[in-house]
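Visitor: Okay, here's the structure, questions in a sec.
The values are calculated or read from the model by the stated rules, or taken from the named source; none is laboratory data. All of these numbers come straight from a predicted model, not from anything done at the bench. Neighbour counts run over all protein chains shown; Cβ positions are idealised from the backbone, glycine included. These area figures cover heavy atoms from the full protein model, side chains too; ligands, DNA and RNA do not enter into them. Shrake-Rupley method; radii C 1.70, N 1.55, O 1.52, S 1.80 Å.
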Amino acid sequence: MNTNKDAVLNELLILYPETDNEIEAYSAVYDLLETLRIIPFDEFVIKIGLVDPSQSEGHEADLDEEAYVVVSGYDKKQNLQFALGFAKWEEWVNATLDVDQTLQITDESIIAICLYEMTFYGFDEASIENELRDLENGLSSDMFH
């Protein structure tokens, strides 16, 4: 509500320049998300925070990367963090955001980061579901060889 599609897509290109050749697909997903109904959903929280490798034990300045923003899901009932790439988009749209208070980030950046994460495995939920099935089948077959 506090921004618009053009601002979000511009931020997406700044944060992830490699998305330039697929910007129309991101635009279409954004449009689809705006049509999803708003429903109360408290199954999980989208957590957005900063990971600073320099603050971790064993940090090697020449090898470790700079601090970066990380997005993850958090299931309150199971006290479990998880990647969001396979979450249903209706859940994404209706999840509560928990943004680290020390992170200075704009609404456009938050939405761009979420848009990138949610489309990591495809630009429609059917493709993402197929990717998940392939991953699960691959793990299953690898476990028995």
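Visitor: Calculate what fraction, in whole %, of the accessible area of the chain sits on carbon and sulfur atoms when a 1.4 Å probe is rolled over the protein chains.
Guide: Within the chain, the accessible surface is 50 percent carbon and sulfur.
Visitor: Starting from the Cα gyration tensor of the chain, take the square roots of the eigenvalues, sort them a ≥ b ≥ c, and report rounded, prolate or oblate (rounded when a/c is under 1.5, otherwise prolate if a/b is larger than b/c, else oblate).
Guide: Rounded, since a/c falls under 1.5.
Visitor: Take every DSSP beta bridge whose two residues both sit in the chain, then give the antiparallel share in percent to the nearest 5.
Guide: Of the beta bridges lying entirely in the chain, close to 75 percent run antiparallel.
Visitor: Separate question: At 222 nm, what value in deg cm²/dmol follows for the chain if DSSP H runs of at least 4 each add -39500 (n - 2.57) and the sum is divided by all its residues, to the nearest 500?
Guide: For the chain, the value works out to -13000 deg cm²/dmol.
Visitor: Give me the dipole magnitude in Debye, nearest 20, for the chain about the Cα centre, with unit charges on the beta carbon: positive for Lys and Arg, negative for Asp and Glu.
Guide: Dipole about the Cα centre, nearest 20: 620 debye.
Visitor: Report, ordered by chain and residue number, the lysines lying within cross-link reach of Lys76, taken as a straight Cα distance under 24 Å and ignoring same-chain residues fewer than 8 apart.
Guide: Counting by Cα, and skipping residues close in sequence, Lys76 has these lysines nearby: Lys47, Lys88.
Visitor: Could you give the length gained by full extension between Trp89 and Ile14, i.e. 0.36 nm per residue of separation minus their alpha carbon distance, to one decimal place?
Guide: Here the segment from Trp89 to Ile14 would lengthen by 24.7 nm.
Visitor: Quick check: net charge around Ala95, other residues with Cβ under 13 Å of its Cβ, Lys/Arg +1 and Asp/Glu -1?
Guide: Taking every Cβ under 13 Å from that of Ala95, the sum is -4.
Visitor: Something else now. How much accessible area does Thr35 have with a 1.4 Å probe, in Å² rounded to the nearest 10?
Guide: Estimated to the nearest 10 Å², Thr35 gives 100 Å².
Visitor: I want to check the label-to-label distance for Ala126 and Val51. Put each point 7 Å from Cα in the C-beta direction and report it in nm to one decimal.
Guide: Computed distance between label sites Ala126 and Val51 equals 3.3 nm.
Visitor: Taking square-rooted eigenvalues a ≥ b ≥ c of the alpha carbon gyration tensor, is segment 72-116 rounded, prolate or oblate, where a/c under 1.5 means rounded and, failing that, a/b exceeding b/c means prolate?
Guide: oblate
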